[in-house]
Amino acid sequence: LPFARIGVFSFGAVVVEVEVDEITGKTRVVEAWSAADVGRAINPQLVEVQLEGAFVQGMGLALFEEMVWDGPRLANPSLMDYKVPTSRDAP
């Protein structure tokens, strides 16, 4: 199998400057930098948008998203109740 040896490897790093209100615990992303080894970018604009989207998705997981359980039942099973980041939340 000639394709058995083909693998996809990538490397990336993200640095984030945040402000944290120590009294309320509120966190605000001030600025973020993202870098990735993407190899040869055939469409650099698409790569940039993918990196931005990946960052916002990770930020959402860290700061917004929460599964709330009521015993064995998920209390926020829809996107109406489950907070995900929007363009307003992106730095």
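The values are calculated or read from the model by the stated rules, or taken from the named source; none is laboratory data. Just so you know, these numbers come straight off a predicted model, no measurement behind them. No Cβ is skipped: glycine too gets one built from the backbone with ideal geometry, and neighbour counts run over all protein chains shown. Quick note on the areas: whole protein, heavy atoms, side chains included, nothing else; ligands and nucleic acids left out. Shrake-Rupley method; radii C 1.70, N 1.55, O 1.52, S 1.80 Å.
For the range 1-24, which residues satisfy the criterion of being modelled with pLDDT under 90 and either over 24 Å from A54 (Cα atoms) or open to solvent by 100 Å² or more (accessible area, probe 1.4 Å) (or both)? Those that are modelled with pLDDT under 90 and either over 24 Å from A54 (Cα atoms) or open to solvent by 100 Å² or more (accessible area, probe 1.4 Å) (or both): L1, P2, F3, A4, R5, I6, V8, F9, F11.
Against the conditions (1) part of a strand (DSSP E or B); (2) open to solvent by 90 Å² or more (accessible area, probe 1.4 Å); (3) in contact (Cβ under 8 Å) with a residue 12 or more places away in the chain, where does E66 fall short? Just the number, please. The number of the failed condition is (1). Among the residues of the range 72-91, the one identified as surrounded by 10 or more Cβ atoms within 10 Å (Cβ to Cβ), modelled with pLDDT under 80 and more than 17 Å from the chain's Cα centre (by Cα) is D81. Just to be sure before I move on: is E31 touching a residue at least 60 places away in the same chain (Cβ under 8 Å), open to solvent by 80 Å² or more (accessible area, probe 1.4 Å) and of a type in the set (D, E) in the structure I sent? Yes; evaluated as a whole, the condition is true for this residue.
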